[in-house]
Amino acid sequence: MFDIFKKKTKNYEDLDPVVFQKGMKNGNAVVIDVRTLGEFQGDKIPGSIHMDMMSSNFNSELKKLPKDKAYYLYCRSGSRSSFACETMGASGFEKVYNLKGGIMSWPFEHSS
């Protein structure tokens, strides 16, 4: 009766940096930075590709991605990437992972 109180099931998984790093080394993994271009041009996780989730063509870019890959998404703090993960999960992607705490929580190597 009151669906507003119904808990929504997440269709992605939040991962701590250690588990995220281990997963992204899988040969089937794609690491996506969903921050703005300006943010992406600074520190980033090595090997990541850029897809600004705030851009008008984000959803059309998602449609070009193969659904049989595992996607590891991050942003600055984990908020935008969690929204992007939710969008991907709703679009039929089954292996979608969010870096909990974003790049601010990343204790490993950065590249610029």
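Summary of computed values
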item	result
Rounded to 10°, Cα long-axis angle of helix 79-90 versus longest principal axis of the chain	60 degrees
Relative contact order (%) - criterion: Cα under 8 Å, at least six apart; region: the stretch 33-79	46 percent
With every protein chain in place, the chain: carbon and sulfur % of accessible area (1.4 Å)	53 percent
Among Leu65, Leu73, Leu15: highest mean-square fluctuation, GNM of the chain, C-alpha pairs under 10 Å	Leu65
Accessible area in square angstrom per residue, the chain, 1.4 angstrom probe	60 Å²
18 Å Cα-Cα threshold exceeded, pairs from Lys64/Lys95; Lys44/Lys64; Lys63/Lys95; Lys44/Lys67; Lys67/Lys95; Lys44/Lys69	Lys44/Lys64; Lys44/Lys67; Lys44/Lys69
Partners for Lys22 among aspartates and glutamates (Cα-Cα distance below 19 Å; same-chain residues under 8 apart left out)	Glu13, Asp14, Asp33, Asp68, Glu94, Glu109
The chain - mean residue ellipticity at 222 nm from DSSP helices (-39,500 (n - 2.57) per run, n ≥ 4, rounded to 500)	-7000 deg cm²/dmol
Among Pro46, Pro17, Pro66: highest mean-square fluctuation, GNM of the chain, C-alpha pairs under 10 Å	Pro66
Top of Ser81, Ser60, Ser91 by mean-square fluctuation, Gaussian network on the chain, Cα under 10 Å	Ser60
5 angstrom amide H check on Tyr71, placed H, neighbours 5+ away	Val30, Lys95, Val96, Tyr97
[x] 29.7, 95; [y] 13.9, 51; [z] 13.4, 42, with the label sought being that of the calculated Rg and Dmax of the Cα atoms in Å	[y]
Sequence-distant residues sharing a close amide H with Asp14 (under 5 Å, placed H)	Asn98
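The values are calculated or read from the model by the stated rules, or taken from the named source; none is laboratory data. Computed from a predicted model, the values in this text were never measured in an experiment. Surface areas here come from the heavy atoms of the whole protein model, side chains and all, with no ligands, DNA or RNA. Shrake-Rupley method; radii C 1.70, N 1.55, O 1.52, S 1.80 Å.
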